[in-house]
Amino acid sequence: MVQLVGSLRKELADSLYTCKVLVVGAGGIGCELLKNLVLTGFKNIEVIDLDTIDVSNLNRQFLFQKKHVGKSKAQVAKESVLQFCPSANITAYHDSIMNPDYNVEFFRKFMLVMNALDNRAARNHVNRMCLAADVPLIESGTAGYLGQVTVIKKGLTECYECQPKPAQKTFPGCTIRNTPSEPIHCIVWAKYLFNQLFGEEDADQEVSPDTADPEAAWNPEEAAARASASEKDGDVKRVSTKEWARSTGYDPIKLFNKLFKDDIMYLLTMDKLWKKRKAPTPLDWTQLENKASPEEESPASGLKDQQVLGVWGCCQLFKHSVETLRSELREKGDNAELVWDKDDPAAMDFVTSAANLRMHIFSMNMKSRFDVKSMAGNIIPAIATTNAVIAGLIVLEGLKILSGELESCRTIFLNKCPNVRKKLLVPCVLDPPSKNCYVCASKPEVTVKLNVQKTTVLSLQDRILKERFGMVAPDVQIEDGKGTILISSEEGETEANNSKYLSDFGIRNGSRLQSDDFLQDYTLLINVLHTEELERDVEFEVVGEAPDKAPPPQSNPEEVNSITNGNKDSAQPSTSSKAPADEDDLMIVDSDEEEGAPSSSATVTSGTKRKHSDLDSDKSSTKRPRTDPSAAAGDEDDDIIALD
């Protein structure tokens, strides 16, 4: 007769008591997950999260209260969970999981790793660390009412990076408020600004500089002090953007100088943000007005919506739109609110002008009204119930792994509407590793198309290796027979190379580069394909992602739902947790799955869902002596915001 401890077999209950697990992220999904783990019987848990608690978290991250604002999420989550189970042994880290201290040996001490993250960079990193350490990983994600959970095990399943991912559609709040790097960040900011000034105010849509940005204050005491500076007797006091605007009579010039001059100058005082980024440039209305030329005020030829205005043109459009919206508010009466609509000319003019001015401040190419309108999509809300369901599914998959039943693990999709079998939860068989994955293949290799005469070493390091291929501290050597070191992770060794072009080192069409990330225990071979025919503003292209080598399209590509996460409080890379959504009373019914249908092709009524995958090869490389770049150059060598 089977012995039970609660609802678990005794052997499994004993395993929970002794095994050590790592939870990466203590936000929306992470809070629910930590609570589930201790109530299930897990006793040895380590949790890591870089974020601090913000007021906007309190509507869904139920381990936190108002008195915790400004404190470490990981530490407060630990303290709250211990009230459920005082006998649990929980270690909390207020840190980034991408810190080199959390190396392969750190990961090897866990029997199971559970991701509750909100950004792709951290997900990629944890995926690689678990592959290198050969530790099972449970990955999860949510977007509104949609969610998913999958299991990643080296050599048996796809890794997280086996399948190409669509561009991330949700963004951390600190990125929106402090460090935008793409036009869409500025467009989302401008939409939030519209609501803050003219519509319904939402704490999740704050636009002022985020003073508690974890990236700006690495010291937890600093973050807590900043947050407590706006507290009094436990109540968080915030200045309402709308009240301030009303006090100025919605004066366009005062609004302009506050948003594009004063706030930007304040951001510049957060100097830690700009150590590795180009600092923003404040705008001043009077100075721009004095410099404005008559040509800028005259309309250009062509369709109006497809014209890209100059800076002063955007200033004029901003002023005119604010005056129009101010009049609309007054016509509606006291305490009236406007609703942003892309088909409302004044609202669209406001978002276009504000977004473009912010793009200019952060050194981005400005966009036409047509482009802004096409990019301004709806922001997916964070749903507490979705987080709860996904957190429950994570624990269920974890119990299978600890029971030695990895073959019964599934990728599970949570849908907004029931499928043809009237199920909201759709389990799918895990797919095997992809032979072409540049992370978990036996010999990871990619071909990158770029212009060697225009691509700098710094661009190779930051834009290609770190941003595109998810490396943290890459070392790059040229396969030129000499082992020329192009990039070193050791500070100061190769910084002189940063501004030089790849061609200066003899890199040309057909050259091969070996990139090693010793932290991730990961080696990638890069084949360089020189071209002078890249599209405008495109620095490089991964050949495997070109149309001729892209995976075959789905039958209904317009219905494909991709699960992503965003958290307005997380500065990338962050460790805030996020989880797929579902209902508390839903169950996984394995009999509903199609055994012959892998998870990457599971079709439900709400669309075909993207799934994650797992596998990796352990590779290491010995750094060879660096030679003088000038010698190498002479050789003929052939590489919505705020979601849970």
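Within the stretch 103-119, the set of residues being among the basic types (Lys, Arg) and either surrounded by 24 or more Cβ atoms within 10 Å (Cβ to Cβ) or not in a loop (DSSP other than H, G, I, E, B) (or both) comprises just one member, ARG108. Quick one: in the stretch 7-37, of everything that is open to solvent by 10 Å² or more (accessible area, probe 1.4 Å) and within 20 Å of ALA388 (Cβ to Cβ), which residue is farthest from the chain's Cα centre (by Cα)? For the stretch 7-37, the residue satisfying everything is SER7.
Could you count how many residues in the stretch 62-73 are surrounded by fewer than 20 Cβ atoms within 10 Å (Cβ to Cβ) and under 23 Å from the mean Cα position of the chain (by Cα)? So the answer is 1.
For ARG123, the criteria (1) more than 26 Å from CYS409 (Cα to Cα); (2) surrounded by 18 or more Cβ atoms within 10 Å (Cβ to Cβ) hold in every case but one, which is (1). Filtering the stretch 39-51 to residues that are open to solvent by less than 10 Å² (accessible area, probe 1.4 Å) and touching a helix residue (DSSP H, G or I) at 6+ places or on another chain (Cβ under 8 Å) leaves PHE42, ILE45, VAL47, ILE48, ASP49, ASP51.
Evaluate the following for THR241: is it crowded, with 20+ Cβ neighbours inside 10 Å and either at pLDDT below 60 or polar (S, T, N, Q) (or both)? Spelling it out, THR241 is indeed crowded, with 20+ Cβ neighbours inside 10 Å and either at pLDDT below 60 or polar (S, T, N, Q) (or both). Selection of first residues in the stretch 449-467 that are in the same structural domain as VAL538 (by the TED database) and of second residues that are aliphatic (A, V, I, L, M) and in a strand (DSSP E or B), restricted to Cβ pairs under 6 Å at least 6 apart or on distinct chains, gives the following pairs, ordered by first then second residue: LYS449/LEU529; GLN461/ILE487. In the set ILE53, ILE48, only one residue is within 30 Å of ALA13 (Cα to Cα), under 19 Å from the mean Cα position of the chain (by Cα) and hydrophobic (A, V, I, L, M, F, W, C); that residue is ILE48. In the condition set (1) in a helix (DSSP H, G or I); (2) open to solvent by less than 60 Å² (accessible area, probe 1.4 Å); (3) not assigned by the TED database to the domain that holds SER327, PHE413 is compliant with all but (1).
Just one of the numbered conditions (1) in contact with a Phe, Trp or Tyr (Cβ under 9 Å, 6 or more places away or on another chain); (2) open to solvent by 40 Å² or more (accessible area, probe 1.4 Å) is not true of LYS342: (1). Exactly one residue out of GLU493, GLU479, GLU467 is within 30 Å of VAL151 (Cα to Cα) and surrounded by fewer than 23 Cβ atoms within 10 Å (Cβ to Cβ), and it is GLU467. Of all residues in the stretch 324-339, those satisfying the criterion of being within 35 Å of the chain's Cα centre (by Cα) and open to solvent by less than 50 Å² (accessible area, probe 1.4 Å) are LEU325, LEU338. Checked against the criterion of being in contact with an Asp or Glu (Cβ under 8 Å, 6 or more places away or on another chain), under 27 Å from LEU534 (Cα atoms) and at pLDDT 90 or above, the candidates LEU450, LEU424 yield just one match: LEU450.
If I filter the stretch 74-81 for residues that are in contact with a Gly (Cβ under 9 Å, 6 or more places away or on another chain) and under 27 Å from LYS154 (Cα atoms), do I get at least one hit? Within the stretch 74-81 (the criterion being in contact with a Gly (Cβ under 9 Å, 6 or more places away or on another chain) and under 27 Å from LYS154 (Cα atoms)), the answer is no, since none of the residues qualifies. Of the helices (runs of 4 or more DSSP H) contained entirely in the stretch 304-406, those carrying at least 2 residues that are under 30 Å from GLY28 (Cβ atoms) and in contact with a Leu (Cβ under 9 Å, 6 or more places away or on another chain) fall at 345-361, 384-402. Candidates in the stretch 74-102 are the residues that are in contact with a strand residue (DSSP E or B) (Cβ under 7 Å, 6 or more places away or on another chain) and open to solvent by less than 20 Å² (accessible area, probe 1.4 Å); of these, the one that is nearest to PRO474 (Cα to Cα) is ILE97.
Per the listing VAL135, VAL126, the residue uniquely under 17 Å from GLY398 (Cβ atoms), of a type outside the set (D, E, K, R) and touching a helix residue (DSSP H, G or I) at 6+ places or on another chain (Cβ under 7 Å) is VAL135. Note on the stretch 419-453: residues that are open to solvent by 70 Å² or more (accessible area, probe 1.4 Å), at negative phi and in a loop (DSSP other than H, G, I, E, B) amount to 8.
Could you list, in sequence order, the residues of the stretch 417-471 that are of a type in the set (D, E, K, R) and under 30 Å from LEU393 (Cβ atoms)? Those that are of a type in the set (D, E, K, R) and under 30 Å from LEU393 (Cβ atoms): ARG421, LYS422, LYS423, ASP431, LYS435. Restricting attention to the stretch 257-272, the residues that are closer than 13 Å to ILE361 by Cα and either of a type in the set (Gly, Ala, Ser) or touching an Asp or Glu at 6+ places or on another chain (Cβ under 9 Å) (or both) add up to 3.
Each residue in the stretch 143-161 was checked for being modelled with pLDDT of 90 or more, open to solvent by less than 20 Å² (accessible area, probe 1.4 Å) and closer than 28 Å to ALA203 by Cβ, and 2 of them qualify.
Among the listed residues LYS43, LYS78, LYS71, LYS67, which satisfies the condition of being of a type in the set (D, E, K, R) and at pLDDT 95 or above? Answer to the check: LYS78.
Sub-6 Å Cβ pairs linking a first residue in the stretch 515-539 that is not assigned by the TED database to the domain that holds ASP134 and polar (S, T, N, Q) to a second residue that is open to solvent by less than 30 Å² (accessible area, probe 1.4 Å) and modelled with pLDDT under 90, at least 6 apart or interchain, are THR523/SER621; ASN527/ASP639, ordered by first then second residue.
So for the stretch 162-176 (the condition being of a type in the set (D, E, K, R), out of contact with any His (no Cβ under 8 Å at 6 or more places or on another chain), open to solvent by 10 Å² or more (accessible area, probe 1.4 Å) and farther than 20 Å from LYS400 by Cα), does at least one residue qualify? Lay out the reasoning, then the answer.
In the first step, residues of the stretch 162-176 are kept if they are of a type in the set (D, E, K, R); the result is 165, 169.
Filter again for out of contact with any His (no Cβ under 8 Å at 6 or more places or on another chain), leaving 165, 169.
When the remaining residues are screened for being open to solvent by 10 Å² or more (accessible area, probe 1.4 Å), the result is 165, 169.
This time we only want the ones that are farther than 20 Å from LYS400 by Cα, so: 165, 169.
Yes, the stretch 162-176 contains a residue that is of a type in the set (D, E, K, R), out of contact with any His (no Cβ under 8 Å at 6 or more places or on another chain), open to solvent by 10 Å² or more (accessible area, probe 1.4 Å) and farther than 20 Å from LYS400 by Cα.
Here GLN316 does not qualify as polar (S, T, N, Q), modelled with pLDDT of 90 or more and over 22 Å from TRP189 (Cα atoms).
The values are calculated or read from the model by the stated rules, or taken from the named source; none is laboratory data. All of these numbers come straight from a predicted model, not from anything done at the bench. FYI the Cβ positions are ideal-geometry reconstructions off the backbone, even for glycines, and counts take in every protein chain you see. Calculation scope for accessible area: heavy atoms of the full protein, side chains included, ligands and nucleic acids excluded. Shrake-Rupley method; radii C 1.70, N 1.55, O 1.52, S 1.80 Å.
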